[in-house]
1. For the structure I just gave you, tell me whether residue 143 is open to solvent by less than 40 Å² (accessible area, probe 1.4 Å) and not in a helix (DSSP H, G or I).
2. Taking the range 94-111, which residues are in contact (Cβ under 8 Å) with a residue 12 or more places away in the chain and more than 13 Å from residue 155 (Cα to Cα)?
3. Mind checking which pairs have a first residue in the range 153-177 that is in a loop (DSSP other than H, G, I, E, B) and open to solvent by less than 40 Å² (accessible area, probe 1.4 Å) and a second that is of a type in the set (Asp, Glu) and modelled with pLDDT of 75 or more, Cβ under 8 Å, 6 or more apart or different chains?
4. Could you list, in sequence order, all residues of the range 112-126 that are hydrophobic (A, V, I, L, M, F, W, C) and under 29 Å from the mean Cα position of the chain (by Cα)?
5. Looking at (1) of a type in the set (Asp, Glu); (2) farther than 17 Å from residue 108 by Cα; (3) assigned to a helix (DSSP H, G or I), which is the only condition residue 131 fails?
6. Does the range 19-64 hold any residues that are open to solvent by 100 Å² or more (accessible area, probe 1.4 Å) and among the β-branched types (Val, Ile, Thr), and which are they?
7. Quick check on the range 72-93. Is at least one of its residues open to solvent by less than 60 Å² (accessible area, probe 1.4 Å) and under 22 Å from residue 172 (Cβ atoms)?
Amino acid sequence: MHNLSKWLLGLVDLWHSIKDRNLRWRRDNQAELAQLRQQRILAEKALETELKKHSVQLEHEIALLKTRHDAELLMYKTRCKQDIKDYQHYLDSLDQLKKSIQNSYTHLPESVALTIHHHAKHLLHSMWEAEDYEQKIQYEMQLIQFMTAVHEDARLYLEDANTGNLPESTLKLMRKN
């Protein structure tokens, strides 16, 4: 039993020795520990300040992007409204073209005037829906050429300069396209 008590005493002494060493180390390094704690607190505050600053910058950038997006959306909506107006003007013009054909060629069946009108509408739709700018210009030129031919045929027919009973130039362009 004596060995057991010696062993326990040795263990308690070891434990006290370790605690004493730890206590001495803390006492000797207390200034450094306090300084490290202070530096950690300052670093955390600096980080917090930097994060707040960065957050404010991000909020500002988001506000700018939102403003720019809203302006672009408004411009796009305005452009779309104008495109719709322009498209409606084109359709109105094509309706006038159909009436002009019907008035000029009263002997033609209505289906011929409607076919010419339909062809012009098809050219308009193709022009309007073309994604490629060059292709859009090509369709636009075809539409202009087609409408010019229809008006010229109607004018010649009304002046009795056209020897045929059909709008030949118009029909020729329809076959070509």
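1. Details: open to solvent by less than 40 Å² (accessible area, probe 1.4 Å): yes; not in a helix (DSSP H, G or I): no.
It is false that residue 143 is open to solvent by less than 40 Å² (accessible area, probe 1.4 Å) and not in a helix (DSSP H, G or I).
2. 94, 95, 98, 107, 108
3. The qualifying pairs are 162/153; 162/168; 167/153.
4. Our first condition is that a residue be hydrophobic (A, V, I, L, M, F, W, C); within the range 112-126, this holds for 112-114, 116, 120, 123-124.
Residues satisfying the conditions are 123, 124.
5. (3)
6. 62, the sole residue that qualifies.
7. Among the residues of the range 72-93, at least one is open to solvent by less than 60 Å² (accessible area, probe 1.4 Å) and under 22 Å from residue 172 (Cβ atoms), which makes the answer yes.
The values are calculated or read from the model by the stated rules, or taken from the named source; none is laboratory data. From a predicted model like this one, the values you see are computed outputs, not experimental measurements. Methodologically, a virtual Cβ is constructed for each residue, glycine included, from the backbone with ideal geometry; neighbour enumeration extends over all protein chains shown. Accessible surface is based on the protein model in full, side chains and every heavy atom, while ligands, DNA and RNA are left aside. Shrake-Rupley method; radii C 1.70, N 1.55, O 1.52, S 1.80 Å.
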